[in-house]
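Notes follow once the structure below has been shown.
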């Protein structure tokens, strides 16, 4: 809602219905028939003040100014859920697109996790090698450096 400290990214029912190729009335009817799929973090109805602000700030929503009903706002989750209940070809294509995007995202996360695990293994191996090289250096140091003369004794 507009009064939240962090505004939500939403799409209004009129824009979502255009995106899915159905009327706003048809979209809202399907949402009402499937109310249990739309908790308040998926959809909410704008207040009069919010409607006024939206109409003032968004030129393409001028028609809403004279509408007697308050529009619904869909969050990202609500827009995805709406794509699953609307039977238009656009909504079906959007559902398929979203599923593919989530699968791709999951694959990327898995690849990133695998890479992070391998990087941690390499780092651990480098620490072991670093320690081994330090020990080796200390062992061969007396062969590399010239011996020191002790006080009072001549070095031959």
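Before moving on, here are some points about what is shown:
- Within the range 61-72, the set of residues being surrounded by 11 or more Cβ atoms within 10 Å (Cβ to Cβ) and out of contact with any helix residue (DSSP H, G or I) (no Cβ under 7 Å at 6 or more places or on another chain) comprises 67, 69.
Results for (1) modelled with pLDDT under 85; (2) in the same structural domain as residue 24 (by TED's automatic domain parsing); (3) exposed (fewer than 10 other Cβ atoms within 10 Å of the Cβ), shown as yes or no for each residue.
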{"residue": "57", "(1), (2), (3)": "yes, yes, yes"}
{"residue": "81", "(1), (2), (3)": "no, yes, no"}
{"residue": "136", "(1), (2), (3)": "yes, no, no"}
{"residue": "153", "(1), (2), (3)": "yes, no, yes"}
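- Residue list for the range 62-88, filter: assigned to a helix (DSSP H, G or I) and in contact with a strand residue (DSSP E or B) (Cβ under 7 Å, 6 or more places away or on another chain): 78, 79, 82
- Positions within the range 37-73 being within 19 Å of residue 95 (Cα to Cα) and over 25 Å from the mean Cα position of the chain (by Cα), in sequence order: none
- All positions within the range 9-55 that are exposed (fewer than 13 other Cβ atoms within 10 Å of the Cβ), modelled with pLDDT under 90 and part of a loop (DSSP other than H, G, I, E, B): 9
The values are calculated or read from the model by the stated rules, or taken from the named source; none is laboratory data. Predicted, not measured: the structure shown is a model, and the values here were computed from it. All Cβ positions, glycine included, derive from the backbone under ideal geometry; neighbour counts span all protein chains shown.
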